[in-house]
Amino acid sequence: MKTLIIGLGNPILGDDGVGWVVAQGIERQLTSLPPLSAELRGKWGEPEGGLEVVCLALAGISLMEQMIGYERVILIDSLNTGQHPQGAIVTFTLNELVDLTYGHSASAHDLSLNNALKLGRSMGAALPADENVTIVAIEAAHVYDFTEELSPEIAKTVPKMIEAVIKLLVADQARP
């Protein structure tokens, strides 16, 4: 299954940069642990499969365009809902997303990610099904602070987020 891991956010806006930090940590882990890397990347096999990790500061149509050609996408982001304690990790699929204002799934100047994917599919773009787009997010309050540092509550949760994404990858590998 051709898989894309996207770290979303802005690395100069405090906790909004957590998606980038986690994605970079996943990439380091996959390259520093050859057995894990070979196991995960080798199962999908190139060129028809594969695993790619990127960091982006996009939403809506631009984010949808990055997803073309992938069967599975894992989005890593912060969210600021006030519904969870700071540092709580929340995992859900795009079709389970109730509030379209969470994270980078919506923008006042663009389509929501849900609508962008619908538009792309209507134009024949090869995009993953909503149930194959998983969001791994962390509740964070400091997403507008001008700093490249994560708050202590969020920084200490980064290893748990990396582990959550690796578990998703291993579960995908176990699928027939």
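Read-outs: derived from the displayed coordinates by stated rules, not from any lab. Note that the coordinates shown come from a computational prediction; the quantities given were computed from them, not determined experimentally. Heads up, the Cβs are rebuilt from the backbone with ideal geometry, glycines too, and the neighbour counts pull from every protein chain shown.
Counting only other residues whose beta carbon sits under 13 Å from that of Leu8, what net charge do I get with K and R as +1, D and E as -1?
Around Leu8, the surrounding residues sum to -3.
Near Leu58, the amide H atoms lying under 5 Å from its own belong to Gly9; only residues 5 or more places off or on other chains count, and H is placed 1.01 Å from N. Counting Lys and Arg as +1 and Asp and Glu as -1 over every other residue whose Cβ lies under 13 Å from the Cβ of Val21, the net charge comes to -3.
Modelled spin-label separation between Lys167 and Gln29, with each label point placed 7 Å from Cα along the Cα-to-Cβ direction: 1.1 nm. Using the average count of surrounding beta-carbon atoms within 10 Å as a protection proxy, the listed peptides 71-80, 154-163 rank, highest first, as 71-80, 154-163.
Packing, as the average of other Cβ atoms within 10 Å across residues, places the peptides 1-12, 118-129 in the order 1-12, 118-129, highest first. On full extension, the segment bounded by Ala155 and Glu65 gains 29.4 nm, given 0.36 nm per residue less the C-alpha separation.
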